[in-house]
């Protein structure tokens with residue numbers, strides 16, 4: 001996906017680091033690809049950065065072999081993907097060099113995907129601090145009593161703080177600092193690298209919501225927090241198209257060999273049309289005909305995946321996500337069973353959701369009605385969405 005293009009002179013690039021394995025969380029996938037509230041951690045972090053007007057472009061550093069999965073989760077968003085290194089420092093360096101290769105930037109925000117809930121006020125404070133300093137980091141005070149495990153003595157916490165990301169830097173300075181860093185040493189964060197190069201780093205207020213996802217309990221708390229911030233919406237969709245000679249048969253985004261196809265203004269994929277109406281219904285945003293009028297010639301023969309892709313974008317623009325889709329196809333022929341898995345995969349691909357959130361079923365009408373007489377095919381769908389709750 002191509003990045004958003006802006007003038008290099010005053011360009012702020014967000015460097016989202018998502019190349020770690022997150023082994024302490026457990027499971028068989030890195031934590032940045034796990035979901036919270038039905039949305040991947042990586043996508044939460046990306047959307048928080050993209051929503052800020054001060055961020056002109058986002059570059060994401062992912063582990064080797066994870067570019068395809070990252071692209072699937074990010075769908076139609078604008079970004080650049082870069083393969084990271086074995087260490088976080090190496091991954092950040094790879095990202096910085098990629099930014100330099102694109103023409104550089106004036107400022108860079110280096111953020112860990114494992115801190116997905118980024119309040120815009122933190123970005124405001126960081127970018128404001130760069131007016132006077134080469135770097136700025138968000139911190140929180142240490143509230144707990146600290147002691148040394150070796151001897152049990154208490155540590156004075158007055159001068160201590162917890163460091164978070166994103167960390168903000170003037171791009172030229174942090175790039176030079178990374179290039180000059182002793183490769184034999186490992187750095188705990190990028191601010192350490194900048195300070196070693198002789199630059200001051202300003203501390204700004206962080207936010208409790210920026211806590212890093214490290215252990216399974218962190219994901220549980222995040223799920224509970226999001227549950228109160230989002231509401232569940234359910235929409236229903238129903239569509240019918242007649243079978244006709246000399247037409248292709250498209251169902252669920254898959255072309256099926258059959259002696260007749262479905263007739264309509266577009267490709268007449270009755271299954272996808274039902275899902276589109278279900279999603280639009282959950283959004284309370286009309287129906288497929290109001291968004292794609294049959295009277296408009298530009299939609300003549302159009303593939304129905306474009307309509308479904310549009311509906312999915314409408315959900316994302318509202319800050320929500322599609323939690324589940326349940327589709328039922330009603331026909332005597334063709335047999336749906338042999339094509340069910342292909343339909344599920346195609347629908348999941350168009351919607352950019354996991355396969356286990358798409359259900360495809362089929363039934364007949366016991367030879368009753370138009371479907372029973374093989375005059376047409378019907379489909380009904382239910383879509384479940386999570387949308388930001390409207391607060392009083």
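The values are calculated or read from the model by the stated rules, or taken from the named source; none is laboratory data. Here the structure is a predicted model, which is why all the values come from computation and not from measurement. Don't worry about glycine lacking a Cβ; one is built from the backbone with ideal geometry, like all the others, and counts go over all protein chains shown.
Taking the stretch 219-237 only, how many residues are buried (at least 16 other Cβ atoms within 10 Å of the Cβ) and in contact with a helix residue (DSSP H, G or I) (Cβ under 8 Å, 6 or more places away or on another chain)?
Here the count works out to 4.
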Need the failing condition index for residue 45 against (1) crowded, with 18+ Cβ neighbours inside 10 Å; (2) at pLDDT below 90; (3) in contact with a strand residue (DSSP E or B) (Cβ under 9 Å, 6 or more places away or on another chain); (4) within 26 Å of residue 322 (Cβ to Cβ), just the number. (2)
Residue that is nearest to residue 71 (Cα to Cα) [pool: residues in the stretch 346-392 that are out of contact with any strand residue (DSSP E or B) (no Cβ under 8 Å at 6 or more places or on another chain) and surrounded by 21 or more Cβ atoms within 10 Å (Cβ to Cβ)]: 352
From the list 59, 73, exactly one residue is closer than 22 Å to residue 168 by Cβ, in contact with a helix residue (DSSP H, G or I) (Cβ under 8 Å, 6 or more places away or on another chain) and assigned by TED's automatic domain parsing to the domain that holds residue 39. Which is it? 59
Just checking, does the stretch 161-177 include any residue being surrounded by fewer than 16 Cβ atoms within 10 Å (Cβ to Cβ), in contact with a strand residue (DSSP E or B) (Cβ under 7 Å, 6 or more places away or on another chain) and over 30 Å from residue 70 (Cβ atoms)? yes
Of all residues in the stretch 262-298, count the ones that are closer than 20 Å to residue 376 by Cβ and outside any loop (DSSP other than H, G, I, E, B). 12
Checked the stretch 130-154 for anything touching a strand residue (DSSP E or B) at 6+ places or on another chain (Cβ under 8 Å) and either farther than 22 Å from residue 208 by Cβ or in a loop (DSSP other than H, G, I, E, B) (or both); matches are 130, 132, 133, 134, 135, 142, 145, 147, 148, 153, 154
Which residues, taken from the stretch 307-338, are part of a helix (DSSP H, G or I) and exposed (fewer than 15 other Cβ atoms within 10 Å of the Cβ)? 313, 317, 337, 338
